[in-house]
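Novice: Sharing a structure, written as structure tokens. Questions coming.
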Number of protein chains: 2
Amino acid sequence: MEDITISKAVIRRLPRYYRYLGDLMNEGVERISSGELSERMHVTASQIRQDLNHFGGFGQQGYGYKVEYLYHEIAKIMGLDMASHMILIGAGNLGQALAKYTNFRTRGFLIEAVFDKDPEKIGQAVYGDMKVQDIAGLEEYIRTHQVDIAAIAIPKEQAVPVADRLVKCGVRGIWNFAHTDLAVPDDVIVENVHLSESLMGLSYRLKNSIREKK
Amino acid sequence: MEDITISKAVIRRLPRYYRYLGDLMNEGVERISSGELSERMHVTASQIRQDLNHFGGFGQQGYGYKVEYLYHEIAKIMGLDMASHMILIGAGNLGQALAKYTNFRTRGFLIEAVFDKDPEKIGQAVYGDMKVQDIAGLEEYIRTHQVDIAAIAIPKEQAVPVADRLVKCGVRGIWNFAHTDLAVPDDVIVENVHLSESLMGLSYRLKNSIREKK
């Protein structure tokens with residue numbers, strides 16, 4: 001059984017551990033103590049030990065963490081050991097940027113189809129030989145392909161009905177860039193990226209000189 | 001004096017209040033009780049009262065909140081009553097999408113210059129008559145223009161030295177899309193948008209069926 005009591009804060013830190021461990025591997029570092037990792041990441045060593053203990057604690061007293069082993073374990077925990085099949089709704093500027101972003105692909109997040117309702121966009125090449133499809137064919141596509149995650153990059157008025165269509169077809173993961181909250185059943189996971197709100201948060205902190213804590 | 005003890009969680013919720021209040025205004029709603037707002041936002045009424053009390057508490061017993069007034073007060077708190085002058089480093093796919101995103105402009109976040117080091121991109125039009133400038137001219141531009149926020153949308157290896165240059169020129173707000181942490185002095189505010197990490201978080205929650213709490 002997976003432990004589902006892990007706090008959101010720990011989950012949010014996992015990708016950051018993964019990134020630092022990947023950098024260490026690239027530098028040829030084979031093992032690292034929680035103290036050294038702490039210095040690099042500007043997180044306390046006890047926090048690191050606590051966080052990684054949630055996942056079985058891969059460290060050994062006096063030896064530290066095996067970088068490559070821990071990297072792959074965290075990848076497995078996050079589900080990165082298997083490819084995620086993705087579709088993208090919206091071939092506007094942001095959608096195009098997401099479709100072209102090769103970093104996602106190298107981590108196993110594969111955007112395999114792009115949909116839009118704009119006749120001018122339909123048929124256009126987005127990435128390699130992947131062309132924008134008519135959103136009218138969304139249900140048919142999902143019926144005939146594995147879709148783990150749908151990214152939504154369309155205006156907020158259109159996002160709500162599109163999310164409903166995705167959920168009805170059984171899509172369980174939604175990466176939402178639309179500037180609205182999506183109401184979905186309990187077994188559907190939504191991850192929001194609200195860019196305007198991120199910018200407003202920065203504006204607030206600038207105005208009030210509040211530093212983000214790690 | 002501003003109260004700087006406000007928790008990160010409250011600050012993160014402010015843009016969401018702002019969004020809901022804006023939607024209410026568009027619907028012609030003039031006032032709303034914390035109870036009604038609670039139902040819409042799926043947040044408890046007591047949380048709403050608590051949150052808004054941080055900022056002086058704009059509600060009146062038995063009357064509720066004046067939507068437009070509260071909307072403008074939150075805008076002021078977040079610094080949205082004054083335009084933010086922005087520059088963008090990186091005219092790749094993501095940079096182009098950010099430069100073209102009109103939602104930022106309507107909220108007073110004005111991207112006024114775009115820089116890149118790629119000779120093929122320099123001189124290209126990005127938005128209206130705004131053209132990509134050579135990043136060699138970054139310091140000169142900042143010396144002669146107000147720059148409140150710099151958005152960084154370049155590969156991580158380049159992001160660290162560019163952030164150093166920005167900080168040396170006195171830029172105090174950095175909106176960082178590069179997949180790395182930036183070490184900056186205490187008086188510089190960095191807001192990170194790590195898209196890959198957001199996707200990994202979604203992947204983790206999908207694998208372990210963890211719903212995001214509001």
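Bear in mind these aren't lab numbers, they're just calculated from the coordinates by the rules spelled out. The structure presented is a predicted model; accordingly, all values stated were derived computationally and were not measured. In this analysis, Cβ positions are derived from the backbone assuming ideal geometry, glycine residues included, and neighbour counts consider all displayed protein chains.
Novice: Hey, if you drop one equal point scatterer on each alpha-carbon of region A:8-77 and run the Debye formula without solvent, what base-10 log of I(q)/I(0) do you get at q = 0.15, 0.23, 0.25 Å⁻¹?
Specialist: Evaluating at q = 0.15, 0.23, 0.25 Å⁻¹ gives log10 I(q)/I(0) of -0.40, -1.04, -1.27.
Novice: Shifting gears a bit: Residue by residue through region B:18-33, which ³J(HN,Hα) values in whole Hz follow from phi under the Karplus form 6.51 cos²θ - 1.76 cosθ + 1.60 (θ = phi - 60°), with glycine and proline marked x?
Specialist: Using θ = phi - 60°, the values come out as 4, 5, 5, 5, x, 4, 4, 4, 4, 7, x, 6, 9, 9, 8, 7 Hz.
Novice: Just to verify a number: FRET efficiency for B:R40 and B:E157, C-beta to C-beta distance, R0 = 51 Å, to 0.05? Intermediate results must be reported in sequence, preceding the final value.
Specialist: Numbers: r = 44 Å, r/R0 = 0.87.
That gives a FRET efficiency of 0.70.
Novice: Then there is this: Just from its helices, what would the mean residue ellipticity at 222 nm be for chain A, if runs of 4 or more DSSP H residues each count -39500 (n - 2.57) and the sum is divided by every residue, rounded to the nearest 500 deg cm²/dmol? Show your work: numbers first, answer last.
Specialist: Numbers: 9 runs with 94 residues, N = 214.
After summing the helix terms and dividing by the residues of chain A, the value is -13000 deg cm²/dmol.
Novice: Looking at region A:88-154, which GluC sites (Glu not before Pro) are DSSP coil and have at most 16 other C-beta atoms within 10 Å of their C-beta?
Specialist: Listed in order of number, the matching sites are A:E120.
Novice: Now, a different point. Please report the projected area of the protein assembly as shown's Cα convex hull averaged over all directions, in nm². Can you show the working numbers first?
Specialist: On the way: hull surface 90.5 nm².
Directional mean of the projected Cα hull area for the protein assembly as shown stands at 22.6 nm².
Novice: Quick one: length gained pulling A:D164 to A:H85 fully straight, 0.36 nm per residue minus the C-alpha distance?
Specialist: Working it through step by step, the gained length comes to 26.5 nm.
Novice: Could I ask something else about it? For region A:84-197, what is Rg from Cα atoms divided by 2.2 N^0.38 Å, rounded to two decimals?
Specialist: Normalised by 2.2 N^0.38 Å, the Cα Rg of region A:84-197 equals 0.97.
Novice: Please state the charge dipole magnitude for region B:84-197, taken about the Cα centre, from unit charges on C-beta atoms (+1 on K and R, -1 on D and E), reported in debye and rounded to the nearest 20.
Specialist: Details: 11 positive and 16 negative charges, 61 e Å.
Dipole magnitude for region B:84-197 comes out near 300 debye.
Novice: How large is the direction-averaged shadow of the alpha-carbon convex hull of chain A, in nm²?
Specialist: On the way: hull surface 58.6 nm².
Its average projected convex-hull area is 14.7 nm².
Novice: Rank the residues A:F177, B:F104 as a footprinting-exposure proxy: fewest other Cβ atoms within 10 Å of their Cβ go first.
Specialist: Listed from fewest to most nearby Cβ atoms, that is B:F104, A:F177.
Novice: For region B:87-93, what does the Karplus curve 6.51 cos²θ - 1.76 cosθ + 1.60, with θ = phi - 60°, yield as ³J(HN,Hα) per residue in whole Hz, taken in order and with x for Gly and Pro?
Specialist: 10, 10, 9, x, 10, x, 4
Novice: Choose one of A:H54, A:A151, B:I77: the residue whose Cα lies farthest towards the positive end of the charge dipole of the protein assembly as shown (beta-carbon charges +1 Lys, Arg; -1 Asp, Glu; about the Cα centre).
Specialist: Working it through, the farthest residue towards the positive pole turns out to be A:H54.
Novice: Under a point-charge model restricted to the Cβ atoms of Lys and Arg (+1) and Asp and Glu (-1), what is the dipole moment magnitude of the protein assembly as shown relative to its Cα centre, in debye to the nearest 20?
Specialist: In total the dipole reaches around 620 debye.
Novice: So, in chain A, how many Lys pairs have Cα atoms under 17 Å apart, if the pair is 8 or more places apart or on different chains? Before the final figure, lay out each step's value.
Specialist: Working: A:K8/A:K213; A:K8/A:K214; A:K66/A:K76; A:K100/A:K121; A:K100/A:K131; A:K117/A:K131; A:K117/A:K156; A:K121/A:K131.
Summing the qualifying lysine pairs gives 8.
Novice: Could you give me the ³J(HN,Hα) list for region A:191-196, computed from phi with Karplus coefficients 6.51, -1.76, 1.60 and θ = phi - 60°, whole Hz, x at Gly and Pro?
Specialist: Taking θ as phi minus 60°, the curve returns 10, 8, 10, 9, 5, 4 Hz for region A:191-196.
Novice: With angles folded into 0 to 90 degrees, how steeply does helix B:156-168 sit against the dominant principal axis of chain B? Use alpha carbons for both and round to 10.
Specialist: Once rounded, the angle reads 80 degrees.
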